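Encoded as structure tokens, the structure appears first; notes follow it.
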Amino acid sequence: MADGPISSQDVPMLPSSLLPVDPSTIDPVITRPLQIGETWYIVHKRWIDRWRKAFSGQEDKEEGFITQATLGPPDKENHNLLDEKRNLRGDVTGESVDFVPEEVWDRFVSQ
């Protein structure tokens with residue numbers, strides 16, 4: 001990791017035409033550092049895991065084979081992260097969520 005601030009030229013950006021072809025095109029984008037001024041969304045890791053399985057064809061132990069049609073939007077899983085006032089629950093940890101930049105979120109919810 002470089003010392004000092006990271007410029008926008010240093011972080012991978014994903015053309016909207018590639019979203020979300022497969023996880024290998026998304027991973028560089030969702031693993032880049034968060035930048036001041038960007039909008040990132042919290043996504044339940046369970047949904048991300050299901051999304052990866054839908055694209056890989058890997059069978060899910062609980063649901064069998066997941067398709068893009070049966071995957072559903074990420075907010076389907078996100079409701080478990082919020083309390084009754086729609087605030088992030090206090091017991092949510094980084095182990096149960098991933099962060100995705102707005103360009104990825106927009107593509108996930110537009111499917």
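Could you check the stretch 20-70 and list, in sequence order, the residues that are within 20 Å of V109 (Cβ to Cβ), of a type in the set (A, V, I, L, M) and out of contact with any helix residue (DSSP H, G or I) (no Cβ under 7 Å at 6 or more places or on another chain)?
Scanning the stretch 20-70 gives V21, L34, I48, A69.
Can you find a residue in the stretch 96-109 that is in a strand (DSSP E or B), of a type in the set (G, A, S) and either more than 22 Å from T31 (Cα to Cα) or in contact with a helix residue (DSSP H, G or I) (Cβ under 8 Å, 6 or more places away or on another chain) (or both)?
No - not one qualifying residue is present in the stretch 96-109.
Is it the case that E38 is in contact with a strand residue (DSSP E or B) (Cβ under 9 Å, 6 or more places away or on another chain) and among the acidic types (D, E)? Spell out the reasoning first.
Details: in contact with a strand residue (DSSP E or B) (Cβ under 9 Å, 6 or more places away or on another chain): yes; among the acidic types (D, E): yes.
Yes: the conditions hold for E38.
Would you please name the residue that is farthest from the chain's Cα centre (by Cα), looking only at residues in the stretch 60-76 that are outside any loop (DSSP other than H, G, I, E, B) and exposed (fewer than 11 other Cβ atoms within 10 Å of the Cβ)?
Of all residues in the stretch 60-76, those outside any loop (DSSP other than H, G, I, E, B) come to 60, 64-65, 68-71, 75-76.
So of that shortlist, the ones also exposed (fewer than 11 other Cβ atoms within 10 Å of the Cβ) come out as 64, 69.
On the way: G64: 21, A69: 17 Å.
Ranking the qualifying residues of the stretch 60-76, first place goes to G64.
What do you reckon, is I36 at pLDDT 75 or above, outside any strand (DSSP E or B) and of a type outside the set (G, A, S)?
On the way: at pLDDT 75 or above: yes; outside any strand (DSSP E or B): yes; of a type outside the set (G, A, S): yes.
Yes: the conditions hold for I36.
Look through the stretch 81-102, keep the residues that are surrounded by fewer than 17 Cβ atoms within 10 Å (Cβ to Cβ), in contact (Cβ under 8 Å) with a residue 24 or more places away in the chain and among the acidic types (D, E), and return whichever of them is nearest to R50 (Cα to Cα).
Among residues in the stretch 81-102 that are surrounded by fewer than 17 Cβ atoms within 10 Å (Cβ to Cβ), in contact (Cβ under 8 Å) with a residue 24 or more places away in the chain and among the acidic types (D, E), the one nearest to R50 (Cα to Cα) is E95.
Identify all residues within the stretch 39-59 that are buried (at least 17 other Cβ atoms within 10 Å of the Cβ), touching a residue at least 60 places away in the same chain (Cβ under 8 Å) and either part of a loop (DSSP other than H, G, I, E, B) or in contact with an Asp or Glu (Cβ under 6 Å, 6 or more places away or on another chain) (or both); write none if there are none.
V43
With respect to P12, determine if the residue is modelled with pLDDT of 85 or more and either of a type in the set (S, T, N, Q) or assigned to a loop (DSSP other than H, G, I, E, B) (or both). Talk me through it step by step, then tell me what you get.
On the way: modelled with pLDDT of 85 or more: no; either of a type in the set (S, T, N, Q) or assigned to a loop (DSSP other than H, G, I, E, B) (or both): yes.
Considered against the rule, which asks whether it is modelled with pLDDT of 85 or more and either of a type in the set (S, T, N, Q) or assigned to a loop (DSSP other than H, G, I, E, B) (or both), P12 comes out as no.
The values are calculated or read from the model by the stated rules, or taken from the named source; none is laboratory data. Since this is a predicted model, take the numbers as computed values, not measurements. Cβ coordinates were reconstructed from backbone atoms using ideal geometry, including for glycine residues, and neighbour counts include every protein chain displayed.
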